[in-house]
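*Asks:* Just passing along the structure, written as structure tokens.
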Amino acid sequence: MSANMVDIFDYESLLKRARENIPPVIYSGERFQLPEAEITIEGKNTIFRNFGEFCEKLDRDPQHLSKFLFRELGTAGTIQGGRLVFKGKVSLSDIKDRINQYVKTYVLCYECGSPDTILKKEDRIEILVCKACGAIRPVTAHIEIKVQEEKIEEGKTYELEIIDVSKDGDGIAKKGNFTIYIPKAKKGQKLKVKIEKIKKDIAFGSIVP
Ligand SMILES: [Zn+2]
């Protein structure tokens, strides 16, 4: 084996490792950039205001994406113009997670990662065809990959590690997108914490004795 060959193999394995280390969030990146989801709550409904823009950007049927979101979020709703209306309250982070999941499953080529793909249906099987590299793969082969959920709920207790202390002396822990403030907790402690209140991605907890 020549020295060149070794280099090529190293490069390939480096590339593979680099791909594996790409975080699940795909909101940035030069080639493929999704707009920020605009979510508002109106009465008892949650409105995904720029839903149409997402469908256009992803080049996918709004019905397909909306069905996926309803199923994955365990809710119902309707498409109204370019907006998607969910029944009930749905959090922005949940919607973002599901969109990322959708993109990974139904849009990005499994081989080369290109978003330049076509979703086809043959004999009831959905197939992703990549225009960039030519790869053809049934969608079902990939669908088990789910975005890891890190949710917290008010009134529930979690095992948390205090990673920092705030200016006011409260312990700070992290879980998923949430930053949790816990009075009297000290840095480095691992504690059972009851979530007292959640406001967007900030939560307040108390130590469970
Ligand atoms: Zn490809």
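Every read-out reported here was derived from the displayed coordinates using simple, explicitly stated rules and does not represent laboratory data. Computed from a predicted model, the values in this text were never measured in an experiment.
*Asks:* Can you give me the Cα centroid spacing of region 154-201 and region 72-143 in angstrom?
*Replies:* Value for the Cα centre distance between the two parts: 34 Å.
*Asks:* Still on this model: Compute from the Cα atoms of region 76-179 the Rg and the Dmax, the latter being the longest Cα-Cα distance, and quote both in angstrom.
*Replies:* 19.5, 61
*Asks:* If you don't mind, there's one more thing I want to ask. What fraction, in whole percent, of alpha-carbon pairs in region 157-207 exceed 18 Å separation?
*Replies:* On the way: 176 of 1275 pairs.
Tail of the P(r) past 18 Å holds 14 percent of the pairs.
*Asks:* On to the next question. Going out from 0 in 10 Å bins, what whole percent of all Cα-Cα distances in region 19-141 drops into each bin?
*Replies:* Percent of pairs per bin, in order: 13, 44, 32, 11, 1.
*Asks:* Gain in length, LYS187 to GLU38, computed as 0.36 nm per residue apart minus the alpha-carbon separation, to one decimal in nm?
*Replies:* On the way: separation 149, 0.36 × 149 = 53.64 nm, distance 3.58 nm.
Full-extension gain reported as 50.1 nm.
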